[in-house]
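Worksheet: the structure to be examined is printed underneath.
The values are calculated or read from the model by the stated rules, or taken from the named source; none is laboratory data. Because the structure is predicted, anything quoted here is derived from the model rather than measured. We place every Cβ from the backbone using ideal geometry, glycine too, and count neighbours over all the protein chains shown.
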Amino acid sequence: MNNMEAERIRERMPAIIAGEVAAINRTFQGRTLDAGTRAGWTVVAGRSYIAYGLRLGGAVLPQDVEKLLPKLTEALSALRHRPTDVRLRRKPLALEVAHPFPAPLDWQRAQTRLQPDTMLTGRNYSGGEPCDDVLCFDDTPHVLIAGTTGSGKSTLLRMMIATLALNTSPDALRLYLVDLKNEDLLPFARLPHVETTAITRAQAMDVVRYMHAEKNRRVLEGKATGPRVVLVVDELAQIADKSTLLLLDETLAVARSKRLNAIFATQKPTVDVVGRLGKANLTTRLVGRVTTADEATTAAGRGETGAHLLPGKGAFLRIEGADVTRLQAYWLDDDGTESLVQQAVTRWGKQAAVPVYQYDAGAISAPYYPVQQRALSGGTSGTGTVQAVQTVRSVPVTQVASWPIPERPLTATEVVAVRRMHANGASKNKILDVVYGGKTPKRFAWVSEALNEGGAA
């Protein structure tokens, strides 16, 4: 939109607001309800929504206004000549409607300088001066993002991951991504922070089991050692069977102090999906437009949010206990996502070895550990043949074997761990001490073979 068009919209807004204020007050008067609004109490939140501040008479309760929402929706829809849902916002009390000329909120207009472990979500217009809305893992261990198609859920998730990676060193942050659609999280696969991108259910189970095992390891050690580990799941419902949710629940319950965090996104915030993880685990919820009032209650963990009446397109509620604030997510398209990913790669001076996670069922044998796959040769043919891959497993060495092992060659799983130790900077002598408890020519040969170096001492 050019400047001339934007100016015409600004000129039209006072008349639009005056007309809608009059329609709202007529609806209240027609129902003899002692409530009303004024143009001076109105907040225009960018090009996202309008909040008509309300004043209630002494005997009027918010519930009384809520009962009139269908009539208010009818009145404003007639005025605008298109469906216009009216939502009651409780703090501060206001009637909220979509902006008549909506426009995305440009992420490049964000003003906050983010710190490590911090994510940008959008712009908060709920009280006082508008400000950037941010989440920090030190205060927010786990996040649920809920919203139906068109709510802006995917855009919000991309914004959070991109800003987290841009401002946090790969040495201090490891990301485990689960995206069974192989779509929204795919651009982040080349981030240096990404340990694994799972695109099949089996791979997703590997990641969940790894998170649970890592939780156990850190609990046994009594402290959080190693980088922060963040699990990101795009569409929780696709992996939400009973056993998986049980593992996640056990992990999340003690993960905060162990620097293990999770971000879940879902279009289906049902009791079977969200309810099993519990309010205590999902203390921060970003809820966009959902299908029904029941889904709004489940997603928010409380009632009377009106999330099913949000206009979509980046409109979200941030819910933390009794606190409900309104934010507008920044719009991040494919080009913007790629730009932020490239900035992160450039800033940290390296990129992940695997730009795309390619799946070959035959290449995955040992279960229960996250996997990355690196393309070796070939390509895809016209028949859809998947190119050759090499499996590279990201396995915490303390989880794959009881070190030291007996006098024998390494198993396949132990080979993976040895290669992992070597990639992380462990010398061959150090590996021999860990694996066997000391160096002998035979042990040296076994370790050398595991590292594809031959066996000569």
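Things to note:
- Criterion: modelled with pLDDT of 80 or more and either under 25 Å from Glu214 (Cβ atoms) or not hydrophobic (A, V, I, L, M, F, W, C) (or both) - qualifying residue of Gly454, Gly438: Gly438
- For the range 162-198, a residue qualifies if it is assigned to a helix (DSSP H, G or I) and free of Cβ contacts under 8 Å to residues at least 60 places away in the same chain, and exactly one does: Asn167.
- Matching option when the condition is farther than 27 Å from Gly40 by Cβ and surrounded by fewer than 23 Cβ atoms within 10 Å (Cβ to Cβ), among Arg82, Arg113, Arg158: Arg113
Residue-by-condition table, conditions (1) in the same structural domain as Leu76 (by TED's automatic domain parsing); (2) within 28 Å of Ala110 (Cα to Cα); (3) over 37 Å from the mean Cα position of the chain (by Cα):
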site	(1), (2), (3)
Glu7	yes, yes, no
Arg12	yes, yes, yes
Arg26	yes, no, yes
Gln29	yes, no, yes
Tyr49	yes, yes, no
Tyr52	yes, yes, no
Ala59	yes, no, yes
Pro62	yes, no, no
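- For first residues located in the range 427-440 and loosely packed, with under 15 Cβ neighbours inside 10 Å, partners that are hydrophobic (A, V, I, L, M, F, W, C) and assigned to a helix (DSSP H, G or I) and lie 6+ apart or on another chain with Cβ distances below 9 Å form the pairs Lys430/Met421; Gly438/Leu432; Thr440/Leu432.
- Every pair of residues 6+ apart whose Cβ atoms lie under 7 Å, when the first sits in the range 66-93 and is farther than 16 Å from Ile17 by Cβ while the second is among the aromatic types (Phe, Trp, Tyr) and surrounded by 15 or more Cβ atoms within 10 Å (Cβ to Cβ): none
- Pick from the range 245-266, criterion among the polar types (S, T, N, Q) and buried (at least 18 other Cβ atoms within 10 Å of the Cβ), ranking: modelled with the lowest pLDDT: Thr251
- Members of the range 385-420 that are assigned to a helix (DSSP H, G or I), surrounded by 14 or more Cβ atoms within 10 Å (Cβ to Cβ) and at pLDDT 50 or above: Thr413, Glu414, Val415, Val416, Ala417, Val418, Arg419, Arg420
- Applying the criterion of at least 2 residues that are modelled with pLDDT under 95 and charged (D, E, K, R) to the strands (runs of 3 or more DSSP E) found wholly in the range 73-161 leaves 87-90, 131-136.
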